[in-house]
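Notes follow once the structure below has been shown.
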Amino acid sequence: MFIHLRLHTEFSVVDGTVRIDEGVKAAQSYGQGALAITDLSNLFGTVKFYKEARGAGIKPLIGAEVWLEGFASSDGGKEAPLGRVLLLVQNKQGYLNLSELLARAWTQSGARTQAVVKLEWLLALNEGLILLSGAQAGPVGQALVQGDTARAGDIAMQLAKAFTHRFYIELQRAGRADDDAHVAAAATLAARLKLPVVATHPIQFLAATDYEAHEARVCIAEGEILGNARRVRKFTREQYFKSPTEMAALSADLPSAMANTAEIAKRCNLTIE
């Protein structure tokens, strides 16, 4: 059974349009036993999502996608570009740690435009959290896309050492040009380092027909014009709430990555009172 571990709701103000009740209903209609909410740099939707999911008989998985800094750049420069990774809460301590990481990111990082988690904080406050590598957007994926497998391996092992048995190499196919190349490189790296892989799908909107509305929201957030031919399009039409059948077809060659979605869901057990 495939479980969606990535969902940006309307609480991801800059890039999500999924209403929590609609996301939960979609999971329910597909017979999903669990569903994760992983908004960008916030936990604002946690309580609403927790209640909606529990009410629908779905196990709520709480997490967040975060910006991460602190790795040295490949060219010997001071610091690599920001990466994005995914944190999923296993228990109460994990929830407290994720809350603290986000609080620091918003108040202590020094970044003006977004909340950024420093690597040293992440390594110190990792108890009760599962870390997914972030696919191409994460530090491991960024190195792989650049062809620097040695650096990708170093970063992966550093994170795997901190998150003992709680770090997964993330594989995605969401209609982007570099998806297949990244999946091949990441799967090879994971096999060599004996690290587990997990298949995820970055959900930004509910249905394929919602793509234009989603792009309009992104343009509003970025001060862009929808009709600008030169605008960089960061999202694809494929980033809708896919059914388990669609995901199985998309990742048919990655059975362990599919199975690990359910395994991770079993490992996340947060009770909110």
Query - Approximate spin-label separation T107-T188, in nm, with each point projected 7 Å along Cα-to-Cβ - result: 4.6 nm
Query raised in the report: Dividing the Cα convex hull volume of the range 142-273 by residue count, how many Å³ per residue is that?
Result: 169 Å³
Query - Mean accessible surface per residue for the range 106-191, computed with a 1.4 Å probe while every protein chain stays in place, in Å² - result: 43 Å²
**Report entry** the range 1-43, accessible area per residue, ligands and nucleic acids excluded (1.4 Å, Å²)
**Finding:** 31 Å²
Query raised in the report: Here are some values of semi-axes √(5λ) of the Cα gyration tensor in Å: (1) 25, 22, 21; (2) 54, 19, 14; (3) 36, 20, 18. Which one was computed from this structure?
Result: (1)
Query raised in the report: Between A162 and V13, what is the spin-label point distance in nm, taking each point 7 Å from the Cα along the Cα→C-beta axis?
Result: 2.7 nm
Query raised in the report: Can you give me the Cα centroid spacing of the range 222-258 and the range 39-110 in angstrom?
Result: 21 Å
Requested in this report: Could you pull out every whole DSSP H run in the chain that spans at least 18 Å of Cα extent along its own axis and averages 0.0 or higher on the Kyte-Doolittle scale?
Outcome: 149-162, 179-193
Query raised in the report: Lysine pairs in the chain 8 or more apart or on different chains: how many have alpha carbons under 15 angstrom apart?
Result: 9
Report task. Highest first, please rank the peptides 183-194, 82-93 by the mean number of other Cβ atoms sitting within 10 Å of their residues. Result -> 82-93, 183-194
Query - Cα-based shape type of the range 1-66, given that a ≥ b ≥ c are square roots of the gyration tensor eigenvalues and the cut on a/c is 1.5 - result: prolate
Query raised in the report: What's the carbon and sulfur percent of the chain's accessible surface, probe 1.4 angstrom, rounded to a whole number?
Result: 54 percent
Query raised in the report: Arranged from highest to lowest average of other beta-carbon atoms within 10 Å per residue, in what order do the peptides 137-143, 224-230 appear?
Result: 137-143, 224-230
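The values are calculated or read from the model by the stated rules, or taken from the named source; none is laboratory data. Treat the numbers as computed from the prediction; the structure is a model and nothing was measured. Cβ: placed from backbone, ideal geometry, glycine included. Neighbour counts: every protein chain shown. Protein only, heavy atoms only, side chains kept; ligands, DNA and RNA dropped before computing areas. Shrake-Rupley method; radii C 1.70, N 1.55, O 1.52, S 1.80 Å.
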